[in-house]
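One structure below.
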Amino acid sequence: MEVTSLAKAGDRCVGVKTSEDETLSGPTRRATAGCWTFAVEGGRALRAHAPVRGQMVALRHAGKLIRRVLRSERGYIVPRDHATPQKLVAGSTLENAGYEKAVTSGGLEQILARRE
């Protein structure tokens, strides 16, 4: 299901309309499409957000299983399974790259170069 437009009562947003021709509403409404809010009909009237790209890298780990998300000021590691070797996701970068989604070698190098 995709949000297609804002549901309004006069100048007030009362919910959202979906691609399944349904209106969803509640006591609180938040615009959570970030920099894509403009793509929702009526969304241009909301405060604009600038797009920020975050890159991450998938890794395999053969050591002791990591059972929870590890975070630090340098980034994060998220376990994706409990098999051996274990799948991990590490990240992230924060880049003012416009709407560019591509992963870059420089971004991956930045993530992989982080050490204790």
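The numbers here are math on the coordinates, done by the rules we state, and not lab data. Note that the structure is a prediction, hence the values are computed from the model and not measured.
Express the relative contact order of the range 3-45 as a whole percentage, based on alpha carbon pairs under 8 Å and six or more residues apart in sequence.
On the way: 54 pairs, mean separation 15.4, N = 43.
36 percent.
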*Give me the lysines in straight-line cross-link reach of K8: C-alpha distance below 29 Å, same-chain residues under 8 apart excluded.*
K17
*Whole-Hz Karplus ³J(HN,Hα) for the range 89-95, in order, using 6.51 cos²θ - 1.76 cosθ + 1.60 and θ = phi - 60°, x for Gly and Pro?*
10, 10, x, 9, 9, 10, 10
*222 nm mean residue ellipticity, helices alone, for the chain (DSSP H n ≥ 4; -39,500 (n - 2.57); rounded to 500)*: -2000 deg cm²/dmol
*Given that just one value was derived from the coordinates, which of (1) 15.3; (2) 14.3; (3) 17.3 is Kirkwood radius over Cα pairs in Å?*
(3)
*List the residues whose amide H sits under 5 Å from the amide H of T93, counting only those 5 or more places along or on another chain, with H placed 1.01 Å from N in the peptide plane.*
Q55
